Amino acid sequence: MLSDSLLKKFDQLIARYPLKRSAMVPLLLYAQDEVGCVSDEVIAEVARRVDVRPIEVIEVIGYYSMLHRKPLGKYNFQVCTNISCMLRGADEVFEHCSNKLGIKHKQTTADGRFSLEEVECLGACCGAPAMQVNYDFYENLTSAKIDAVIDELKRK
């Protein structure tokens with residue numbers, strides 16, 4: 001299920017924390033990057049390694065918007081629509097992404113390349129409106145900036 005190199009990374013991460021359970025989010029992120037989502041098997045493995053019950057891992061997954069139980073597109077667009085971003089045009093940003101990608105909230109394109117979701121906060125209020133694509137942040141968004149990001153990713 002999980003590669004030997006990932007399991008070795010798990011051991012290294014757990015050793016860096018004074019409490020094993022503190023490594024839970026990084027373990028889930030690395031596993032999600034390898035598997036494509038946080039599967040039941042990943043939940044069981046992480047729970048076993050950090051000495052918690054699987055339900056505790058599921059609760060953590062429910063709290064963090066960057067953790068997903070179902071596979072996403074290769075490029076996951078997360079558009080912040082919280083108050084700071086909303087006041088600076090986040091609704092229009094989300095709508096533009098939706099129209100340009102041809103998908104709605106929590107959907108993935110037919111080719112599996114793009115996913116889109118509305119999220120509560122990316123912690124980038126000073127650069128509102130903001131979005132995150134996988135691990136890259138984009139701030140002070142305009143339609144032109146969004147189009148450039150999407151066009152660049154389509155070429156990859």
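For segment 75-93, does any single residue satisfy the condition of being modelled with pLDDT under 95 and on the phi > 0 side of the Ramachandran plot? Looking through segment 75-93, none of the residues is modelled with pLDDT under 95 and on the phi > 0 side of the Ramachandran plot.
Of the numbered criteria (1) over 21 Å from Q32 (Cβ atoms); (2) out of contact with any Gly (no Cβ under 9 Å at 6 or more places or on another chain), the one N140 fails is (2).
Out of the residues in segment 1-60 that are under 24 Å from K106 (Cβ atoms) and small (G, A, S), which is surrounded by the fewest Cβ atoms within 10 Å (Cβ to Cβ)? Out of the qualifying residues, it is G36. So, A128, is that one small (G, A, S) and either in contact (Cβ under 8 Å) with a residue 60 or more places away in the chain or in contact with a helix residue (DSSP H, G or I) (Cβ under 8 Å, 6 or more places away or on another chain) (or both) or not? So A128 passes the test. Only one of the numbered conditions (1) farther than 22 Å from L29 by Cβ; (2) assigned to a strand (DSSP E or B) is not met by S98, and that is (2). Set side by side, the residues V46, V93 differ, and just one is in contact with a Leu (Cβ under 8 Å, 6 or more places away or on another chain) and not assigned by TED's automatic domain parsing to the domain that holds V149, which is V46. Entry remark, segment 107-125: residues being closer than 22 Å to L87 by Cβ and either over 19 Å from the mean Cα position of the chain (by Cα) or in contact (Cβ under 8 Å) with a residue 12 or more places away in the chain (or both) number 9 in total.
Restricting attention to segment 78-114 and to residues that are polar (S, T, N, Q) and farther than 19 Å from C126 by Cβ, the residue that is surrounded by the most Cβ atoms within 10 Å (Cβ to Cβ) turns out to be T108. Listed by first and then second residue, the pairs linking a residue in segment 51-69 that is within 19 Å of G123 (Cα to Cα) to a residue that is exposed (fewer than 14 other Cβ atoms within 10 Å of the Cβ) and not aromatic (F, W, Y), with Cβ atoms under 7 Å apart and 6 or more places separating them unless they lie on different chains, are S65/E120.
Filter segment 32-41 down to residues that are part of a helix (DSSP H, G or I) and either within 17 Å of D4 (Cα to Cα) or among the small types (G, A, S) (or both), then give me how many there are.
Within segment 32-41, the subset part of a helix (DSSP H, G or I) is 32-35, 40-41.
Narrowing the set further to residues that are either within 17 Å of D4 (Cα to Cα) or among the small types (G, A, S) (or both) leaves 32-35, 41.
Qualifying residue count for the region: 5.
The set of residues from segment 115-149 being among the aliphatic types (A, V, I, L, M), crowded, with 17+ Cβ neighbours inside 10 Å and out of contact with any His (no Cβ under 6 Å at 6 or more places or on another chain) comprises L116, V119, L122, A124, A128, A130, M131, V133, L141, V149.
Let's see how each residue does on (1) assigned to a helix (DSSP H, G or I); (2) in contact with a helix residue (DSSP H, G or I) (Cβ under 8 Å, 6 or more places away or on another chain):
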{"position": "Y30", "(1), (2)": "yes, yes"}
{"position": "I43", "(1), (2)": "yes, yes"}
{"position": "H68", "(1), (2)": "no, yes"}
{"position": "N76", "(1), (2)": "no, no"}
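The values are calculated or read from the model by the stated rules, or taken from the named source; none is laboratory data. Every value quoted in this text rests on a predicted model; they were computed, and no experiment measured them. So basically every Cβ, Gly included, is an ideal-geometry build from the backbone, and we count neighbours across all protein chains shown.
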